[in-house]
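Peer 1: Before I ask anything, here is the structure I am working with.
The values are calculated or read from the model by the stated rules, or taken from the named source; none is laboratory data. What you are looking at is a predicted structure, and each value in this text was computed from that prediction instead of being measured. Backbone-built Cβ (ideal geometry, glycine too); neighbour counts: all protein chains shown. The area values use the complete protein model at the heavy-atom level, side chains included, leaving out ligands, DNA and RNA. Shrake-Rupley method; radii C 1.70, N 1.55, O 1.52, S 1.80 Å.
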Amino acid sequence: MLPLRFRKCCIIVCCGTLIVTLTGCSWLTPAKKPEVGPAGKPEYKSNPPLVERFKSPPGQLYDLETTASILFAGLNSESWDQAQAGLQQLQAIWQEISPQLGDEKNVNKANKSLGKLSTAVGGKKITASYEALNEFMSSIGDIGQNFKLSPISDIISISNKLRNVSFYVEEKNWTKAASKVKELDDSWGQIKPSVESIGILGEVTRTHSYIKQLKDAVNAENKGAAESHIKSLNDSMGSIREYYRGK
């Protein structure tokens, strides 16, 4: 048996630990929401149930990306019939899916961008159409962030950046193209892990290689090589998109 002085120390230490533990628990309690803030009464939006936060995105989000590519191809080749057909399809898909998205904060932004796109395509304005399409798809990517287990937001982000490169390569604006291909390369490095899966790993590896080759071609101002790598990237990103649709 321990001497009395040691037994007392043990009791004191144990009690001290108990006090700290109990006090520490209060630190884990969520802060109470205030009734009034510095600028008036705050508005709180409750978090959706856990199941909703981790559900799969509607397949139409992937369909929007597919259709955006068709519309962009029409813009880049100045085929206004194709661009108009792509726009109508984009509008139809958006009208179908937007009621499912409710009051998500980027829905209004998407609506405004789609309105700009419609006006620009109707007026056959290439740059304004491209910028409005980019803005619309960026807002769709932001909406996609609500689906935590899906890479839809990352897929849209990379696709948007690839369209940026393609637009400026077509114009032979090499300064802009070099800036956009750097953005593409940097973003791919960040999001690559999110799309890596055994079923699509080969396509992800090819995409990584194509982006590096595209960067070299743009920096060399080689339009033919850049267009070839853009085509390869387009095919690989399309395969990645289709793989994840509905998962």
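Peer 1: Which value, in Å² rounded to 10, gives the accessible area of residue 188 with a 1.4 Å probe and all protein chains present?
Peer 2: Counting only protein heavy atoms, the figure is 0 Å².
Peer 1: Now for a different question. With r as the distance between the Cβ atoms of residue 70 and residue 179 and R0 = 30 Å, compute the FRET efficiency 1/(1 + (r/R0)^6) and round to 0.05.
Peer 2: Efficiency, rounded to the nearest 0.05: 0.70.
Peer 1: Would you mind checking 212/247; 124/176; 180/231 for any pair whose Cα atoms are more than 26 angstrom apart?
Peer 2: Those over the limit are 212/247.
Peer 1: Leaving ligands and nucleic acids out of the surface, order 200, 126 by accessible area at 1.4 Å, largest first.
Peer 2: From most accessible down to least: 126, 200.
Peer 1: Please give the solvent-accessible surface of residue 235 in Å², to the nearest 10, using a probe radius of 1.4 Å with every protein chain present.
Peer 2: 80
Peer 1: Report the relative contact order of region 151-246, percent, no decimals, based on alpha-carbon pairs under 8 angstrom and at least 6 residues apart.
Peer 2: RCO, region 151-246: 34 percent.
Peer 1: With a 1.4 Å probe and all protein chains kept in place, how much accessible area does residue 70 have, in Å² rounded to the nearest 10?
Peer 2: Here the residue's solvent-accessible area equals roughly 70 Å².
Peer 1: Residue 219 to residue 171: extension gain in nm, 0.36 nm per residue of separation minus the Cα-Cα distance?
Peer 2: 15.8 nm
Peer 1: Just to confirm, what accessible area per residue do you get for region 53-149 at 1.4 Å probe, in whole Å²?
Peer 2: For region 53-149, the per-residue accessible area is 47 Å².
Peer 1: Which order, highest average first, do 164-172, 191-199 follow once you tally other Cβ atoms within 10 Å for each residue and take the mean per peptide?
Peer 2: Going by the mean number of other Cβ atoms within 10 Å, highest first, we get 164-172, 191-199.
Peer 1: On to the next question. What does the extension gain come out to for residue 91 and residue 108, with contour length at 0.36 nm per residue minus their alpha carbon separation?
Peer 2: 4.7 nm
Peer 1: ³J(HN,Hα) across region 116-130 via Karplus (A = 6.51, B = -1.76, C = 1.60, θ = phi - 60°), whole Hz, x for Gly/Pro?
Peer 2: Running phi through 6.51 cos²θ - 1.76 cosθ + 1.60 with θ = phi - 60° gives 4, 4, 4, 5, 5, 5, x, x, 6, 9, 5, 5, 5, 5, 4 Hz.
Peer 1: Follow-up. Dipole magnitude of region 53-149 about its Cα centre, charges +1 at Lys/Arg Cβ and -1 at Asp/Glu Cβ only, in debye to the nearest 20?
Peer 2: The dipole of region 53-149 has a size of about 260 debye.
Peer 1: A further question follows. For region 151-246, what does the accessible surface come to per residue with a 1.4 Å probe? Please give it in Å².
Peer 2: 46
Peer 1: Can you put 186, 154 in order of accessible area, largest first, using a 1.4 Å probe?
Peer 2: The residues order as 186, 154, largest area first.
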